[in-house]
There are 2 protein chains.
Amino acid sequence: MRKNTRGSLIWLRMTRFVDQSNLLSNHFLKPYQLTTAQFDVLMQLFVYQPLTQSELAEKVTVTQGGISRMLVRLEQEGLIKRTQEWKTKTISLTDKGQQKLAHVFEDQLAFQSSLFDDCLSESEQKQLYALLSRIQKNSERKWKQYKGGQ
Amino acid sequence: MRKNTRGSLIWLRMTRFVDQSNLLSNHFLKPYQLTTAQFDVLMQLFVYQPLTQSELAEKVTVTQGGISRMLVRLEQEGLIKRTQEWKTKTISLTDKGQQKLAHVFEDQLAFQSSLFDDCLSESEQKQLYALLSRIQKNSERKWKQYKGGQ
DNA sequence: CCCTTTCACTTGAGTGGTAAAGTGATGTTA
DNA sequence: TAACATCACTTTACCACTCAAGTGAAAGGG
């Protein structure tokens with residue numbers, strides 16, 4: 001039996017890359033007392049705040065339950081605040097969260113960029129981004145279809 | 001302050017894609033009572049068995065502790081066996097594991113392929129694979145360097 | 001021959017994720 | 001108005017992962 005297809009090879013490379021770069025990212029974020037997942041949440045808030053929990057969960061590809069606990073922790077750290085109106089909780093960064101993010105920001109973006117700048121030219125990065133956008137939209141479509149159906 | 005770089009945009013698309021496709025993959029594997037991580041381990045064993053725990057951990061980008069627990073579960077399910085020689089445990093698939101994998105195999109490869117076949121041409125997939133190989137090797141180098149240093 | 005190192009693996013505490021069941025306010029409807 | 005549905009969030013139980021400390025067997029040096 002065949003041991004792979006082109007798709008499976010791409011998939012393998014990509015998951016390995018993401019796993020490895022997450023480890024590295026956690027390493028670089030450790031001095032700031034943040035994890036990669038937490039940074040992701042704070043970034044989304046920075047760009048789109050205020051958001052409801054559901055909207056945030058959607059943006060970071062996490063379930064309701066998952067975001068609920070992450071936000072409990074981030075709230076305990078004093079990095080975000082949740083204000084309840086009606087049945088909805090609106091999430092935004094506290095001043096402390098805002099400041100922390102400002103500190104981490106440049107470093108993390110530089111780290112992320114280095115993963116690609118090291119070995120890909122400008123135009124290759126553009127190509128890669130274009131291809132990734134297409135497959136990500138495809139998986140998002142499939143995912144929503146699956147979630148919608150059940 | 002700038003909210004992104006080209007690298008950070010690529011990184012975001014890729015992590016979202018991997019997260020979403022993992023969800024879908026877990027969904028498709030559920031009828032077989034397997035998770036994506038378990039399938040990954042079984043596949044590596046299928047291709048490279050026999051392996052020690054350390055070699056396996058390396059291949060699936062997981063720590064010693066992580067692989068230890070996964071293998072306990074897979075052993076309880078009777079899908080793998082671990083035979084101790086000296087201080088090393090050698091891992092291989094049981095007949096049951098071999099059979100299970102044979103059943104799942106085609107479906108999972110077809111699923112993985114569909115993620116790309118849906119929206120990328122043959123030559124685009126080749127391009128994508130080439131670019132990913134380069135960045136994955138780069139991150140692997142950095143990761144090993146980091147692990148080696150500490 | 002004991003003492004230490006090393007090596008491969010395990011364990012503990014904690015984070016991050018899922019699915020599925022629970023909670024508690026706010027409509028909606030007979 | 002009592003019963004029901006719905007919506008946003010929480011909780012529970014589980015898997016997967018990390019780091020760091022622990023274990024136990026073998027190997028080497030005084």
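The values are calculated or read from the model by the stated rules, or taken from the named source; none is laboratory data. Bear in mind that the values here come from a model prediction, so they are computed numbers and not experimental data. Heads up, the Cβs are rebuilt from the backbone with ideal geometry, glycines too, and the neighbour counts pull from every protein chain shown.
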Check: within 30 Å of B:PHE111 (Cα to Cα) and touching a helix residue (DSSP H, G or I) at 6+ places or on another chain (Cβ under 9 Å), is that true of A:THR88?
Finding: no
Next item on the list: Would you mention how many residues in segment B:40-51 are of a type outside the set (A, V, I, L, M) and surrounded by 17 or more Cβ atoms within 10 Å (Cβ to Cβ)?
Entry: 3
Margin query: For segment B:52-145, give me every one of the helices (runs of 4 or more DSSP H) that falls completely inside it and has 1 or more residues that are away from DNA strand C (no atom under 11 Å from the Cβ) and crowded, with 19+ Cβ neighbours inside 10 Å.
Written below: B:64-76, B:95-117
Margin query: Based on this model, can you work out whether B:SER92 counts as under 19 Å from A:THR15 (Cα atoms), away from DNA strand D (no atom under 14 Å from the Cβ) and modelled with pLDDT under 95?
Written below: no
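Checking the condition of a type outside the set (Lys, Arg), under 30 Å from A:TRP143 (Cβ atoms), under 15 Å from the mean Cα position of the chain (by Cα) and away from DNA strand D (no atom under 14 Å from the Cβ), which residue from B:LEU29, B:LEU101 passes? Reasoning before the result, please.
Working: B:LEU29 fails: away from DNA strand D (no atom under 14 Å from the Cβ).
Within the list B:LEU29, B:LEU101, the selection yields B:LEU101.
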Check: Does A:ALA130 qualify as being within 11 Å of DNA strand D (Cβ to nearest atom) and hydrophobic (A, V, I, L, M, F, W, C)?
Finding: no
Next item on the list: Within segment A:19-39, count every residue that is crowded, with 20+ Cβ neighbours inside 10 Å, within 12 Å of DNA strand C (Cβ to nearest atom) and within 12 Å of another protein chain (Cβ to nearest Cβ).
Entry: 2
